[in-house]
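The values are calculated or read from the model by the stated rules, or taken from the named source; none is laboratory data. Just so it is clear, the model here is predicted, and its values are computed rather than measured. Because the Cβ atoms are built from the backbone with ideal geometry, glycine has one as well, and the counts that use them run over all protein chains shown. Heads up: the accessible areas ignore ligands, DNA and RNA and are worked out on the full protein's heavy atoms, side chains in. Shrake-Rupley method; radii C 1.70, N 1.55, O 1.52, S 1.80 Å.
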Amino acid sequence: MSTIPKGHAPVNETPGDANTPDPESVAGRRHLIAGGLAAAALAIAGSRSAAAAPNEFTEDELALLRHAQRLELTASALYDVASASGPDSALWEPMSEQHEAYAHAIASLTGLSADSRDEGLLEALRSGFAGKDAVQAAYDLESAAVATHTELLELVGQVNAAETIASIISAESRHCVVLADALGRGSDLTALLVNAAEPILP
């Protein structure tokens, strides 16, 4: 069953937050956070699966990777909806292409054909991407995608799969930075550094 992303949790200010942060500095901090998360997850996954063949997956792992792949294809389709429905945006086409590329990266790793979307999620989110708040809908989706892949990363034991998912997490965290800036929230620490979205689980 698909879960629709929730809102963002408040951030407690520290003395260093009193002044408006430089957007490039804050974006850089989020990139470092994403990279640190990926590195830590890879270390954990590597310790679990050092003895396993690189591309041998259990049925449960394949089901999780199929879910991740379908989520990426659904995201790609939603950006196509935004492109066709609303004012032209330079964001939509590259975002769609990137999510499709992530789905094909999973296909290359697993042998699973990249030919299936989550139709229920697509229909649930279509109106948001077709409306005037498409950028907010995209930000919410990217945040949920990061949460989803982070959750899946804890359940997949193969190093190669962990590397692929970690790279997707890092890229989609950067998507959040770009979309936050497009929303006029490029200096908003909550938008840039806090992800309270719920994962979209099978």
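Values as computed for the structure displayed
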item	result
Looking only at the range 134-185, and only at residues there that are in contact with a Pro (Cβ under 8 Å, 6 or more places away or on another chain) and acidic (Asp, Glu), the one that is most open to solvent (accessible area, probe 1.4 Å)	181
Filtered residues of the range 105-124 (kept if within 22 Å of residue 58 (Cβ to Cβ), free of Cβ contacts under 8 Å to residues at least 12 places away in the same chain and in a helix (DSSP H, G or I))	108
Number of the exception - residue 119 against (1) surrounded by fewer than 15 Cβ atoms within 10 Å (Cβ to Cβ); (2) more than 15 Å from residue 67 (Cβ to Cβ)	(2)
Checklist (1) modelled with pLDDT under 50; (2) hydrophobic (A, V, I, L, M, F, W, C); (3) in contact with a Phe, Trp or Tyr (Cβ under 8 Å, 6 or more places away or on another chain) applied to residue 34, failing item	(3)
Identity of the residue in the range 75-92, hydroxyl-bearing (Ser, Thr, Tyr) and buried (at least 20 other Cβ atoms within 10 Å of the Cβ), that ends up farthest from residue 148 (Cα to Cα)	79
Condition broken by residue 99, with the remaining ones in (1) within 25 Å of residue 58 (Cα to Cα); (2) open to solvent by 10 Å² or more (accessible area, probe 1.4 Å) satisfied	(2)
Failed criterion for residue 54 (all others in (1) at pLDDT below 95; (2) open to solvent by less than 30 Å² (accessible area, probe 1.4 Å) hold)	(2)
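Quick grid of which residues meet (1) among the basic types (Lys, Arg); (2) in a helix (DSSP H, G or I); (3) in contact with a Phe, Trp or Tyr (Cβ under 7 Å, 6 or more places away or on another chain); (4) farther than 22 Å from residue 195 by Cβ:
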position: 80; (1), (2), (3), (4): no, yes, no, yes
position: 126; (1), (2), (3), (4): yes, yes, no, yes
position: 141; (1), (2), (3), (4): no, yes, no, no
position: 144; (1), (2), (3), (4): no, yes, no, no
position: 148; (1), (2), (3), (4): no, yes, no, no
position: 151; (1), (2), (3), (4): no, yes, no, no
position: 156; (1), (2), (3), (4): no, no, no, no
position: 163; (1), (2), (3), (4): no, yes, no, no
position: 172; (1), (2), (3), (4): no, yes, no, no
